[in-house]
Amino acid sequence: MTTPSDDAARPVPVRVVLPADPVLGQLEQEVVARLWRRRQTGTGWVYLVGLPSYRDLEDGGVEAAEYRVWVRAPEHVRPVDGIDYDQVPTEPLPSAPTSTVREVLGERRPSGWVLAKVREGRGPARGVLHAPDCEEAPQGAPLLDVQRALDVAENPGTQLCTLCGCAQELTPMLCGFDHIGDA
């Protein structure tokens, strides 16, 4: 239970939907409360509302008070016509923490491969397959998907770059995974 002086923010009116009580035969009710803040969570928005209430004093008297509680929006709150809610302190969902895998491995590399064509004298065309972010990869070369990259890699005139890891990624798919332990 808090009193209005406990918070420095200026609340605004909001309608709070109170649940129905089938035992007492009461339908759902709406009361005007004070909206103190909004918070986005992983499951939606919650609003901190101050419901009007009373509290007992030590001398036996009673005084007006406010009971603050977090409620789900929009299920349990409705706006009051003509009220500007832009001034309500709002806490958006914090950005997701960086995963341990992402911290260790770094950002994900772009998918696909690119072919750097090499022509040295006569004979069949030669080339080197690279990851798109390789320093040796040609700029603006078309991106090859895995099937097209494997087709190109089967050409005897094509080499797989070891600098960017293209050779380590495609060789098991070309030769089978069993050869990995043979080396």
TODO: Set the Förster radius R0 to 30 Å, insert the Cβ-Cβ distance between Leu24 and Glu91 as r into 1/(1 + (r/R0)^6), and round the FRET efficiency to 0.05.
DONE: 0.25
Task: In the range 18-94, chymotrypsin sites (Phe, Trp or Tyr not before Pro) in a DSSP loop with at most 16 other beta-carbon atoms within 10 Å - done: Tyr85
Open item on the list: Residue by residue through the range 149-154, what is 3J(HN,Hα) from phi via Karplus (6.51 cos²θ - 1.76 cosθ + 1.60, θ = phi - 60°)? Round to whole Hz and write x for glycine and proline.
Closed with: 5, 5, 4, 5, 5, 6
TODO: Mind checking the full-extension length gain between Val146 and Glu58? Use 0.36 nm per residue of separation minus the Cα-Cα distance, one decimal, nm.
DONE: 23.9 nm
Open item on the list: Starting from the 7 Å offset along Cα-to-Cβ, what nm value, one decimal, do you get for the label separation of Met173 and Thr100?
Closed with: 2.9
Task: Accessible surface of Arg78 - all protein chains present, 1.4 Å probe, nearest 10 Å² - done: 90
Task: Accessible area of Thr100 in the full protein assembly, 1.4 Å probe (Å², nearest 10) - done: 100
Task: Kirkwood-Stokes translational diffusion coefficient of the range 1-94, alpha-carbon pairs, 37 °C, 0.692 mPa s, µm²/s - done: 226
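The values are calculated or read from the model by the stated rules, or taken from the named source; none is laboratory data. Predicted, not measured: the structure shown is a model, and the values here were computed from it. Counting neighbours? That spans all protein chains shown, and the Cβs are built from the backbone with ideal geometry, glycine included. Just the protein is used for accessible areas: all its heavy atoms, side chains included, with ligands, DNA and RNA removed. Shrake-Rupley method; radii C 1.70, N 1.55, O 1.52, S 1.80 Å.
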